[in-house]
Structure formats: structure tokens, C-alpha cells
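The values are calculated or read from the model by the stated rules, or taken from the named source; none is laboratory data. Keep in mind it's a predicted model, so treat the numbers as computed, not measured. We place every Cβ from the backbone using ideal geometry, glycine too, and count neighbours over all the protein chains shown.
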Amino acid sequence: MTETLTVLGLESSCDDTAAAVVREISGVPEVLSSVVWGQESLHADFGGVVPEIAARAHAERLDICVEQALQQADITLADVDAIAVTSGPGLIGGVLSGVMCAKGLSVGSGKRLIGVNHLAGHALTPRMTDAVAYPYLMLLVSGGHCQFLAVHSEDKFTRLGGTIDDAPGEAFDKTAKLLGLGYPGGPLVESEAQQGDSLRFKLPRPLLDRPGQDMSFSGLKTALRRARDTLVAEKGGLTLQDRADLCASFQLAVADTLAEKTRRACLVFQDMTNTDGPVLAVAGGVAANSLIRERLQDVAQNNGFEFLAPPLKYCTDNAAMIAWVGLERFKSGHQDDLTLSARPRWPLDRDAAPMLGSGKKGAKA
Ligand code: KG4
Ligand code: ZN
């Protein structure tokens with residue numbers, strides 16, 4: 001008997017308003033539509049996401065995104081089995097917009113409502129795109145998060161370490177701002193770095209001298225500012241070459257740090273799970289960086305792991321990943337009701353100690 005499940009997903013926890021339809025037929029998933037309306041242009045002048053502007057834009061756009069997602073999937077709300085929505089963690093105004101919209105759709109259509117953790121969305125994406133079996137190791141590395149997760153099931157995660165302050169994407173964005181590049185900074189810093197000498201500035205690799213998988217990126221940003229200020233004091237400004245060299249040196253410091261911590265996470269994961277044919281998967285916008293990707297791939301290979309990076313459109317924020325988690329939760333019998341609330345913080349590993357300073361600027365993922 002063929003079993004078909006269709007889920008509509010909604011995402012609005014940061015600066016992307018998104019809706020998607022994912023269908024699974026006899027265990028094989030297909031993304032029928034994935035609409036993402038990015039808000040970068042609204043926040044570009046501020047060099048970062050402004051929560052009030054984001055919340056308002058989500059409220060204005062969600063309905064339109066849902067309509068487009070249904071239309072592109074060539075279905076109506078009557079054809080879905082459930083409505084999945086990011087109910088945290090994230091910027092609370094945006095999360096609330098999504099939860100309210102999903103509740104309205106659920107009440108109007110009588111369809112099941114399922115609250116989804118945004119981080120679980122990133123963490124389970126390799127199951128949707130590549131049918132990866134549990135357990136696997138995930139590095140989630142984005143503008144708001146940086147953590148290693150052992151993914152055991154749709155509802156069980158072990159945190160194997162992560163940043164104790166800034167996320168790497170945030171550090172890329174701040175570096176871009178310091179050097180007068182635009183927003184989001186990651187791709188701009190990467191393209192500058194291509195012309196730069198990554199060995200010119202000796203920037204720190206924080207916490208590499210300490211055991212464990214925790215990381216820190218805020219000191220790196222301070223060191224970069226100092227290097228820039230020294231150049232400005234010496235010569236009255238930066239040449240294009242100086243800027244490229246700073247970008248390249250910064251990027252290498254991040255890549256070195258992520259590579260070494262990932263190597264350790266691979267060992268811990270194997271100690272814990274003893275998995276045959278282990279997989280290291282990445283998600284989050286920073287996984288788009290070619291140098292970082294290459295370095296992680298090498299680490300995986302050297303430690304007997306298969307390396308998996310889902311297509312970029314599913315690595316960055318999107319609603320297909322939310323619909324997918326909804327689908328997995330549907331199958332395990334999960335259901336929410338109208339008491340579903342928006343949660344600004346929602347750690348995946350309920351037993352892990354809260355991280356120092358994490359989510360300072362809102363739990364953007
Ligand atoms: O996962 P994502 O789209 O959104 C959230 O953070 O929720 O990640 C965005 C982050 C931004 O900080 C951006 O600067 C960074 O990913 N990023 C990159 C690159 N492309 C995007 N960082 C480094 N290199 C890139 N090529
Ligand atoms: Zn995210």
C-alpha cells in the first residue's frame with residue numbers, strides 16, 4: 001500500500017519568510033515547493049537583522065508565501081495532512097507571526113498543527129535530501145549558531161560542543177562591517193579573501209589549546225579590529241590588498257578552528273555511537289564557504305566519515321526543512337494544539353548545560 005503524507009511548512013524565525021510543501025510517498029520525500037522571501041535588503045543599511053523590521057515584514061509576507069507555496073505545489077490546503085511551523089528558537093516577533101498564521105490555517109482547515117524547532121529543521125535536512133540514517137554527526141554553522149550535534153532521532157540530540165560566544169556567520173558579518181563591505185558579510189569576505197594572503201596576519205585560534213569541542217569567535221573579531229586599526233594608524237587607511245589580506249587571514253582562522261574542533265567531534269561521536277559508515281553533515285549559511293567546506297571534507301575523510309552538505313538552498317533558512325521535521329513528527333504521532341507558544345530559546349539537547357553568552361543577539365539560527 002502506498003502511504004502518502006503531505007505537510008505545509010512555515011518559517012519566520014529570523015530574516016527569511018518562507019513556506020514550503022513536502023510530500024512523502026512510500027518513504028520517499030519530495031519538495032513540491034519551497035518559497036523563500038529574503039529580507040536582506042530591508043536590513044542591509046543596518047549591517048544586521050533589526051527584529052522589529054523583520055517581524056513586521058514576516059506578518060506582511062507569510063500569507064503570500066503560503067499561497068505561492070500551495071500554488072507551486074499545485075495543491076490546496078485540503079490536500080495537506082498537517083501544518084508545521086517554526087515555534088522557536090528565534091526572534092520572538094517573527095516566530096509569533098508564524099505561529100499565529102499556522103494556528104489560523106489549522107483552525108480554518110481542521111488540519112493538524114505541529115510546532116517545530118528551527119534547529120531541528122537544519123539538523124534533519126540531510127534526511128530529507130539524502131535519506132541519511134540515524135545516528136549521524138551534524139555541524140550547524142550559521143549566523144546565529146555553531147554547534148556539533150549527535151542526531152539520534154527526530155526528537156533526540158546530544159550536543160557535543162559549540163560556540164561560547166559569537167557564531168562564525170556573525171563574525172563574518174562583523175568583519176565585513178569593520179572593513180566597509182556590505183551585508184550579509186560571509187560571501188563578500190570570501191570573495192575578498194580570494195585575492196588575499198591568508199598568512200599575513202597572525203590572528204588567534206581561540207580555545208584550540210584547550211580540550212573539548214567548544215569554540216569562541218569573539219576574540220577573533222577583536223584581533224581583526226586591532227590589526228585594522230594598526231594599519232590605519234600606520235598608513236592612514238587600508239589599501240585594497242590590506243583588506244583582502246585581512247579577509248583571507250580571518251577566513252583561515254575560522255576554517256582552522258572549525259576543522260580541528262570537527263576532528264575532535266568526529267572522535268567523540270564515534271566513541272559514543274560506534275556507528276558503521278558514520279556521516280558528518282553540515283548545515284547553515286557558513287557551510288557555503290568553499291574553504292571551510294573543503295577543510296571539513298578533509299577532516300571527514302581522514303576520520304572515516306562520509307561528508308554530506310545538502311544543496312545550499314536547503315542549508316540556509318527555508319521552510320522545506322520545517323515541513324520535513326513536521327512530517328517526521330507526524331509519523332511519530334506528535335500533535336500540537338492552540339496552546340502552542342513561540343519560544344525565543346529552545347535548546348535541542350535538553351540535558352546540555354546552557355551555553356555561556358549564546359544567543360546574545362537573539363537565537364538566530
Ligand atoms: O543559515 P543562514 O542563512 O541564516 C542564519 O544565520 O539563520 O546563515 C547566514 C550566515 C550569515 O552570517 C552569512 O554571512 C553567512 O551565513 N554566510 C557565509 C557565507 N555565505 C553566508 N559565511 C562565510 N562564507 C560564505 N560564503
Ligand atoms: Zn537557520
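What the table shows:
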| quantity | calculated |
| --- | --- |
| Members of region 10-33 found to be closer than 21 Å to V99 by Cα and of a type outside the set (D, E), listed by number | L10, S12, S13, C14, T17, A18, A19, A20, V21, V22, S33 |
| Region 183-241, subset within 16 Å of ligand 1 (Cβ to nearest atom) and among the aromatic types (F, W, Y), residue farthest from L252 (Cα to Cα) | Y183 |
| Residues located in region 328-349, provided they are over 30 Å from T4 (Cβ atoms) and among the aliphatic types (A, V, I, L, M) | A342 |
| Counted residues, region 31-48 - those being among the acidic types (D, E) and under 21 Å from the mean Cα position of the chain (by Cα) | 1 |
| Single residue of region 121-150 satisfying the filter (crowded, with 24+ Cβ neighbours inside 10 Å and of a type in the set (V, I, T)) that is nearest to ligand 1 (Cβ to nearest atom) | V141 |
| Single unsatisfied condition, R263 versus (1) surrounded by fewer than 20 Cβ atoms within 10 Å (Cβ to Cβ); (2) in contact with a Cys (Cβ under 7 Å, 6 or more places away or on another chain); (3) of a type outside the set (A, V, I, L, M, F, W, C) | (2) |
| Residue tally, condition of a type in the set (A, V, I, L, M) and part of a loop (DSSP other than H, G, I, E, B), over region 184-219 | 4 |
| Residue match in region 162-180 (condition: more than 15 Å from ligand 2 (Cβ to nearest atom), among the β-branched types (V, I, T) and within 17 Å of C315 (Cβ to Cβ)) | no |
| Scan of region 224-241 for residues that are surrounded by 10 or more Cβ atoms within 10 Å (Cβ to Cβ) and of a type outside the set (V, I, T), ordered by number | L224, R225, R226, A227, R228, D229, L231, K235, L238, L240, Q241 |
| Residue, farthest from ligand 2 (Cβ to nearest atom), within region 279-296, restricted to residues that are of a type outside the set (G, A, S) and either crowded, with 24+ Cβ neighbours inside 10 Å or closer than 19 Å to H122 by Cβ (or both) | V279 |
| Residue identified as within 29 Å of Y183 (Cα to Cα) and of a type in the set (G, A, S) among A319, A300 | A319 |
| Sole residue being within 15 Å of ligand 1 (Cβ to nearest atom), on the phi > 0 side of the Ramachandran plot, in contact (Cβ under 8 Å) with a residue 12 or more places away in the chain and crowded, with 21+ Cβ neighbours inside 10 Å, chosen from G90, G98 | G90 |
| Residue that is farthest from ligand 2 (Cβ to nearest atom) [pool: residues in region 122-154 that are closer than 26 Å to V50 by Cα and in a helix (DSSP H, G or I)] | A123 |
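Results for (1) closer than 25 Å to L207 by Cα; (2) out of contact with any Ser or Thr (no Cβ under 7 Å at 6 or more places or on another chain); (3) away from ligand 1 (no atom under 16 Å from the Cβ); (4) at pLDDT below 95, shown as yes or no for each residue.
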site: R263; (1), (2), (3), (4): yes, yes, yes, no
site: C266; (1), (2), (3), (4): yes, yes, yes, no
site: A281; (1), (2), (3), (4): yes, yes, no, no
site: R295; (1), (2), (3), (4): yes, yes, no, no
site: E306; (1), (2), (3), (4): no, yes, yes, no
site: M321; (1), (2), (3), (4): no, no, no, no
site: G326; (1), (2), (3), (4): no, yes, yes, no
site: H334; (1), (2), (3), (4): no, yes, yes, no
site: A365; (1), (2), (3), (4): yes, no, no, yes
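One line per residue, one yes/no per condition, for (1) farther than 23 Å from D336 by Cα; (2) modelled with pLDDT of 95 or more:
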residue: A59; (1), (2): no, no
residue: V66; (1), (2): no, yes
residue: Q72; (1), (2): yes, yes
residue: D79; (1), (2): no, yes
residue: V95; (1), (2): no, yes
residue: C101; (1), (2): no, yes
